[in-house]
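The next block holds one structure in the form of structure tokens; read it before the comments.
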Amino acid sequence: MENYLNTPLTPHDLARRWNKSEMAIRLASAVGLGPRYVKVDGELRYALEEVQRYERTRQAGLLPVHPSSQRQSPFLSFIQPQTFP
């Protein structure tokens, strides 16, 4: 079980977790929204801790803003997780 907790999530994993499309996850990452990620061999990977931090932020009602402005992005509702484990 410990190994699973240290395994980064793929966009596919995150899409399943949030009941969103993989494309929505990739698009959100491309515009700077969603949890922090790293690229490993050109592929996006999300640390479980970063995903959980992002989910807690969303639950608390703290809405991230698009990095290029101080206004809330209309894309946020599209990538908002629907449920939390």
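Tell me, in nm to one decimal, what length is gained between R56 and A30 on full extension, where the rule is 0.36 nm per residue of separation less the Cα-Cα distance? Working shown, then result.
On the way: separation 26, 0.36 × 26 = 9.36 nm, distance 2.14 nm.
Value of the extension gain: 7.2 nm.
If packing is taken as the average number of other Cβ atoms within 10 Å across a peptide's residues, how do 35-48, 8-21 rank, most packed first?
Numbers: 35-48: 14.1, 8-21: 17.2.
Per-residue mean Cβ counts within 10 Å order the peptides as 8-21, 35-48.
Every number in this text was worked out from the coordinates using simple rules, so none of it is lab data. Just so we're clear, the structure is a prediction, and the values are computed from it rather than from any experiment. Methodologically, a virtual Cβ is constructed for each residue, glycine included, from the backbone with ideal geometry; neighbour enumeration extends over all protein chains shown.
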